1. On the given criteria, is L374 open to solvent by 50 Å² or more (accessible area, probe 1.4 Å), in a helix (DSSP H, G or I), modelled with pLDDT of 70 or more and under 30 Å from I509 (Cα atoms)?
2. Suppose we filter E27, E65, E37, E48 for residues that are surrounded by 12 or more Cβ atoms within 10 Å (Cβ to Cβ) and modelled with pLDDT under 70; which single one remains?
3. With respect to Y702, determine if the residue is aromatic (F, W, Y) and at pLDDT 85 or above.
4. Working only within the stretch 567-607, note down all residues that are of a type in the set (A, V, I, L, M, F, W, C), surrounded by fewer than 18 Cβ atoms within 10 Å (Cβ to Cβ) and at pLDDT 90 or above.
5. Mind checking whether some residue in the stretch 206-220 is more than 30 Å from E731 (Cα to Cα), assigned to a loop (DSSP other than H, G, I, E, B) and under 35 Å from the mean Cα position of the chain (by Cα)?
6. Which one of these is farther than 30 Å from D685 by Cβ, over 36 Å from the mean Cα position of the chain (by Cα) and at pLDDT below 75: Q484, Q561?
7. Take the residues of the stretch 147-194 that are hydroxyl-bearing (S, T, Y) and under 24 Å from D271 (Cα atoms): which is modelled with the highest pLDDT?
8. Among the numbered criteria (1) of a type outside the set (F, W, Y); (2) modelled with pLDDT of 90 or more; (3) open to solvent by 60 Å² or more (accessible area, probe 1.4 Å), which single criterion is violated by V715?
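The values are calculated or read from the model by the stated rules, or taken from the named source; none is laboratory data. Predicted, not measured: the structure shown is a model, and the values here were computed from it. Because the Cβ atoms are built from the backbone with ideal geometry, glycine has one as well, and the counts that use them run over all protein chains shown. Each accessible area value is taken on the protein alone, full model and side chains, heavy atoms only, with ligands, DNA and RNA left out. Shrake-Rupley method; radii C 1.70, N 1.55, O 1.52, S 1.80 Å.
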Amino acid sequence: MSRTRRYFPWPRSLFRKNQMEDELTEELHFHLEKEIEKNIAAGISPEEARYAALRSFGGVDQIKERCRDTSRVRWLEAFWQDLGYGVRMLAKSPGFTAIAVLVLALSIAANSIVFSVLHALLVRPLPFKDPHRVAVISEIDSEGQPRDVSSANLNAWKNKNQVFQQLAGRRGMDTILTGRDYADQLMGDRVTLDLLPLLGWRPVLGRAFAESDYEPGAEPVVIVSHSLWQRHFGSDPGILGQTLTLDQNRYTIVGVMPRQFWFWSGGNQADVFVPLLFSPEELTQSGSRPVTVFGRLRPGVSIKEAQAEMELKIQQLKQEYPRVYSGWSMKVLSMRDWHLQRETAFAGMLKALPLLQAAVAFVLLIACANLANLVLARTLSRRKEMAIRSALGAGRWRLVRQLLIESVLLSGLGGLFGSVLAFWGIRLSIFLIPEEIKGLLPGGRETIGLELPVLGFMLAISMLTALIFGLAPALKASRVNLNQALKEGGRSTREGPNGSRSLLVICEIAISLVLLIGAGLMIKSFLRLLRVHVGFNPEHVVAMLLLSPANSPRDAAFYTQLLQRVKALPGIEDAGLMNNVPAGEFWMAGEEFVIEGRPARRLGEGPRAITTLIDPDFFHTMGIPLLKGRFFTKQDSREAPGVAIIGQSLAHRYFPGEDPIGKRLRPSGMELKAPWLSIVGVVGDVRHKLSAEPVPTLYGSYLLQDLIGDMTLFVRTPLEQARVLESVRKEVRQIDLSQPITYSWTMDHIVIASMFISRFVAWLLGTYATLALIFSLTGIYGVISYSVSQRTHEIGVRMALGAQQSHVSKLFVGKALFLALIGV
């Protein structure tokens, strides 16, 4: 060992920084001396043997650098040096930095907006105790439609199941609050004793329902929502013990729910909760009045296990009541799935969101690829810097680390600005969603936002983009040819073909073009919807819902008097009534009817049409044209023969090639004794869903009815909606203080709201496709910039030999056009 030490005078003092370096130095000496002895044994002189060993192990400076990098303190110090150097390098190239940060911010913000919507709909926990254990049980009828469970079945299952810890029921109610200056319609729920505890909620003020509240003859009590407490009682802490008059019944207030409480009630937050009382018949007779049944699963029980047990229950019901439950089944869904499937307004959004998520993922990949090209082109101008650093002892990992740190800095800046853009983008998206839809969001209206999961998602994709667009250029730039790069006046030569980058740009253009075409088709479909004639004139028409008190429908005289008063108001051009809303989401599938003189069909197989009640001036108010016959008149009353008006699609479907005027029909089903109605007119079709063909519609006059339920008042006026609403409310109060106007819309708003899914998806997809196209163009710029930097010397030679600037420009512009055309 001493003999070889003479031929290998290694300066150990350079490495004695700590124990780790000493151990590494000893190991290095051992292997070097072994190599020298091996060379001497091969007949090489000691001096040549030492130099050969040094060449095989690398230079002293490189080994020193590697040894220093093994020190944790040195590594941290080098990291801060690289970080500061990276900040200075980015500051020296403000144009490149600004473009890179902007591209990253836009792509990260686009992903975050869609992720925030997905998170609010599908991920954000519902505001219940252990929401994953809350399920909803539904009965599926023979036609595959979900139905609520009969109260008798709920009572039978409460103590005879192995999967549910608690079972509770709810029955919705629309109620009218009276006894104040004006009547107000409230959304409410009749609930069983176990429902609020099942959901994990207690009143913030007062008490929950007790067993005594469900005993026969108990004093009616009510729990109010936090918003109702604020609206009607001014957050009065002395509200407990006061009374509410709901549907002319007095209830004592015993509790106030917390502000954060959310529970779906017919598409809106429930304002009041009252005990749900069952009669003895309801608890024993199958097929009794239905209730929505909620269940809390036992610990460790899954939805599938609950589904299996409930299928056994329905089989037992089929055996006991074959006529009632023939062809029926049972379905158990989680609370979230039940809510999303029940609300048809979410169907289009749920189908569109994966498409949008895929689109923004492509946008992010395109952005990363383009930035990789830009970073690679930029690193070419730093080849001499990389060579000098390598010659001074920097290892390849040190060079890669330096470039990756710069990429992480760019990603961090992109994520920071992307969060700002995402915040405003989310607010804009919320602005585009109608209030009616936001009210249906699981958990309430304020669920879409930059919450911690969304911010975590942004941080994750920021770091991911740093690795994607920074690693490949760093690895390529760290492969330095010292002999060529350090030549004085060394020329830029081509480092090989860049076909992979060109192919990447071609794919980017192709993907962005596909996205652009898809967005164009969506926008075209949306514009077609805008051009669809809804069958009436929605301009300057205000609709107001008149909700009848429960168990107290109005007579025709009330509405007749109201119409007379409204038409006499200044600024009112016309007014009409209908028990539905055209182009709204309130239409049912329709009911069957019988045509006189035609063979009767079995129930469920006869002709079907939407049946609605109107007043004689409705068609004129809405601008629906008369195609044949006449409109209703005031003489079409209960004392006169029954008459009806049909839509054009009903005439074409059930009276093809015939004149329907004078034909008679009547509703079937439960109304077999209803009088025959003679068809006196045919009117134009009204599209109740713009994306579907018109459905057959049958109109009847409300003057033919003894008692009438809810109606919608339509007023044509150039006045503002708020002014019209206040004027009409005054007239309603003068007739009946107990009659509220619950909702008010403009018909323009209803038509636009019916298209909000198409509008929302078209807007987002168009935005993302435009971003993808811009990023693809940026990618072309990156490739051409890279090519120019590689061929700088060649360009100089061409110019020296007489080439014109336009000729050189054509050389690169032609390449850009070639890539774009292949992508197209």
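1. no
2. Going through E27, E65, E37, E48 in turn, just one is surrounded by 12 or more Cβ atoms within 10 Å (Cβ to Cβ) and modelled with pLDDT under 70: E65.
3. Judged against the criteria, Y702 is a match.
4. Across the stretch 567-607, the qualifying residues are A568, L569.
5. Within the stretch 206-220 (the criterion being more than 30 Å from E731 (Cα to Cα), assigned to a loop (DSSP other than H, G, I, E, B) and under 35 Å from the mean Cα position of the chain (by Cα)), the answer is yes, since at least one residue qualifies.
6. After applying the criteria, what remains is Q484.
7. Only one residue tops the list, namely T192.
8. With respect to (1) of a type outside the set (F, W, Y); (2) modelled with pLDDT of 90 or more; (3) open to solvent by 60 Å² or more (accessible area, probe 1.4 Å), V715 is out only on (3).
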